[in-house]
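Below is one structure, written out as structure tokens, with a few remarks after it.
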Amino acid sequence: MAEAILQLVYISRASAPLDDAALEELAQGAAMANADNAITGLLLHDGSRFIQALEGDANAVDATMARIARDARHASIAYVERAFVPVRQFGDWAMDVRRVNDAQGTRAFLADLKRTLRPVDNHRLVAAFIGFAMLGHPGLRARGTPPGVAGYA
């Protein structure tokens with residue numbers, strides 16, 4: 001029988017603003033480290049905060065989270081969820097990184113995020129990621145949710 005996958009989701013505050021180059025450096029470093037440890041996940045960044053899902057072997061996820069907690073780019077880490085799941089739900093990327101406020105359009109960004117989150121069976125986590133994106137995207141705060149993307153289907 002296959003071992004259950006540890007799924008850990010946290011939100012943190014960026015200790016300093018990250019420009020595109022710094023976010024790309026963070027993403028590449030995370031992808032390499034995660035690939036070496038069979039960790040997959042999703043990271044959203046809105047300019048001042050992060051929300052990230054990590055999935056994999058419990059020891060590897062816990063070691064990765066300990067490394068993140070020591071990383072000076074993160075402050076005020078709050079854990080959203082730590083649970084075992086039967087299969088990976090956040091894709092098969094070593095790390096999928098998206099900058100919330102770089103989306104070409106609110107409709108396209110939220111529709112894409114919903115597609116990405118479709119395999120996630122924990123509706124609280126889906127709501128956490130969508131809520132994070134809505135709070136971090138100026139267009140969504142100003143106009144509300146575009147028609148057809150508010151619900152999870």
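All of the numbers you see were taken from the coordinates with simple rules; none came from a lab. Note that this is a predicted model, so its numbers are computed, not measured. All Cβ positions, glycine included, derive from the backbone under ideal geometry; neighbour counts span all protein chains shown.
For this structure, a couple of remarks:
- Global geometry of region 5-143, whether rounded, prolate or oblate, following the gyration tensor of its Cα atoms and the 1.5 cut on a/c: oblate
- Within-12-Å neighbourhood charge of VAL120 [Cβ basis; K, R +1; D, E -1]: +2
- Mean Cα-pair separation over length for region 5-143, i.e. relative contact order, pairs under 8 Å, 6 or more apart, %: 33
- When only the Cβ of Lys, Arg, Asp and Glu is charged (+1, +1, -1, -1), the dipole of region 5-143 relative to its Cα centre reaches about 620 debye.
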